[in-house]
Amino acid sequence: MKAKSCTRVCAILLALAVLLSGCTALETGKTDDGHERLDVDTSSAAAAQGRIPSTPAAKPGGGKFRIAYVDIDEYPVSSGMWFEVVESLRRDGWITCEDPPMTVDTADAKKLVDWLSKQDLGPYIEFAGDANYYLAYEGEEAVGQSLIDHAKNRKDIDLVFAMGTWPARFVKSLDLGVPLLVYGSIDPVRAGIVVSAEDSGYDDIWAQVDPSAFSRQIQFYHDTIPFTNIGMVFNDEIIASIPDYEKTAEAASFRITKVKIEKLASDNKEDQDRYYADLATIYRRLIEEDKVDAYLINTDVITDDTRIDALFAPFLDARIPIFVQVGDNYIRHGAFMQVSPRDYKGLGAFISNRIGSFFNGAKLRSLSQAYTSSPYLSLNLDVAERIGFTPSFEMLLSCGYIYTKEAAAP
């Protein structure tokens, strides 16, 4: 049997085993780049958490609650996370509209907010199209001036939604006097956004927290393939969760070879070409000089999906497994495995519930921040074969997503 046919059969056997075990196979489909993906619902813990009921409510005094949005750039992961929040707001009845002109896999957060701002979403919520920003491209000065104008002069925003650590830190520093809700920050406590997981420390600031997600993640990676020297390239230690990874590395006796780089904060093609050429050089050095036997792709290092295949190729040629901090898009393009620290659908419901509770009159500080996701495993079977790893049947059964190229015809 051909190798690719074998992986196809594995996926089919997995679907059957899942059905027999009482789990639910959600769907089998293909990604835009031709991979086959089997989606399996294994998130019983997330389902058990559920959502605190929140009923859509009119804004006191009339009008609609108006939301500003601040993100870094069109990073597929954060855009997909925001998409799920919007979908949950639709399910909860806070907004009504036709399906957006994008999916969770193709979402661009800023474009989604812009589209929403032009729709009649019903009587409760609207999105501020002129308070919708990508910090990496528009810059802190321009974004800050615009937000201050909205908050202090126009007084036309009721909530600032910040996606990620940089946007959250930045908006907090502006002291707008407008409530701030933070999602997508790797460690908002260490980042100084909130005081603790139990208490934000500020009446009008809330941030989603899962304090041990990345320690659990890398321990699983090391248990799966006991590497001795894993490479990590990052631009911010907190965003990359380096302290959690280092704590686990010390306990499990493996080494982390770290390379800190400047963040790409430009949409200029020459700047981007230069950045990714430098990153390719760093990757070759990790392989040839530092002799890493595993690599972890950290958050925000590669934000352009079209660059991933070429950048990952040297690791695959050397049979070095690539693990993922956050983002199934990397699995589609040659990474080996991801234990997702976030259940995006469950978290989307959690976040939209917090928005609903706030619009019903709750102080952000009064709302619990901790959400421990039911993790799911994503695996690229073609990459597993290429690096010489044979997943056990139990591992296949525990996967939430399995990626493989469609089997060739006999």
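The values are calculated or read from the model by the stated rules, or taken from the named source; none is laboratory data. Nothing here was measured: the structure is a model prediction, and the numbers come from that model. Cβ coordinates were reconstructed from backbone atoms using ideal geometry, including for glycine residues, and neighbour counts include every protein chain displayed.
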Next on the checklist: Which numbered condition in (1) outside any helix (DSSP H, G or I); (2) over 19 Å from Asn235 (Cβ atoms) is the only one that Ile186 fails?
Outcome noted: (2)
Checklist entry - Considering the stretch 225-251 alone, what residues qualify as being over 22 Å from the mean Cα position of the chain (by Cα), surrounded by 14 or more Cβ atoms within 10 Å (Cβ to Cβ) and aliphatic (A, V, I, L, M)? => result Ile225, Ala249
Checklist entry - What pairs can you find where one residue is in the stretch 324-335 and within 18 Å of Met232 (Cβ to Cβ) and in contact (Cβ under 8 Å) with a residue 24 or more places away in the chain, the other is in a helix (DSSP H, G or I) and of a type in the set (D, E, K, R), and their Cβ atoms are less than 7 Å apart, with a gap of 6+ or different chains? => result Gly334/Asp309
Checklist entry - For the subset of the stretch 311-321 comprising residues that are within 18 Å of Phe227 (Cβ to Cβ) and either in the same structural domain as Asp187 (by TED's automatic domain parsing) or not acidic (Asp, Glu) (or both), which member is surrounded by the fewest Cβ atoms within 10 Å (Cβ to Cβ)? => result Arg319
Item to check | Residue ranges of strands (runs of 3 or more DSSP E) in the stretch 204-310 with at least 2 members under 30 Å from Leu159 (Cα atoms) and in the same structural domain as Tyr133 (by TED's automatic domain parsing) | outcome: 205-207
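A quick yes/no check of all residues on (1) more than 30 Å from Arg332 (Cα to Cα); (2) of a type in the set (Val, Ile, Thr); (3) touching a Phe, Trp or Tyr at 6+ places or on another chain (Cβ under 8 Å):
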{"position": "Thr55", "(1), (2), (3)": "yes, yes, no"}
{"position": "Lys118", "(1), (2), (3)": "yes, no, no"}
{"position": "Leu135", "(1), (2), (3)": "no, no, yes"}
{"position": "Gly139", "(1), (2), (3)": "yes, no, no"}
Checklist entry - Give me the pairs: first residue in the stretch 72-90 and of a type in the set (Phe, Trp, Tyr), second residue surrounded by fewer than 22 Cβ atoms within 10 Å (Cβ to Cβ) and in a helix (DSSP H, G or I), beta-carbon distance under 8 Å, and six or more apart or on different chains, which are they? => result Trp82/Leu112; Phe83/Leu112
Checklist entry - Only one of these conditions is not met by Asp187: (1) more than 21 Å from Ser241 (Cα to Cα); (2) surrounded by 19 or more Cβ atoms within 10 Å (Cβ to Cβ); (3) acidic (Asp, Glu). Which number is it? => result (1)
Item to check | Matching residues, the stretch 175-190, being hydrophobic (A, V, I, L, M, F, W, C), farther than 19 Å from Phe358 by Cα and at pLDDT 90 or above | outcome: Val189
Item to check | Total residues in the stretch 256-275, condition surrounded by 16 or more Cβ atoms within 10 Å (Cβ to Cβ), closer than 25 Å to Pro314 by Cβ and not β-branched (Val, Ile, Thr) | outcome: 4
Item to check | Subset of the stretch 333-384 that is farther than 18 Å from Val86 by Cα and among the aromatic types (Phe, Trp, Tyr) - its residue that is modelled with the lowest pLDDT | outcome: Tyr376
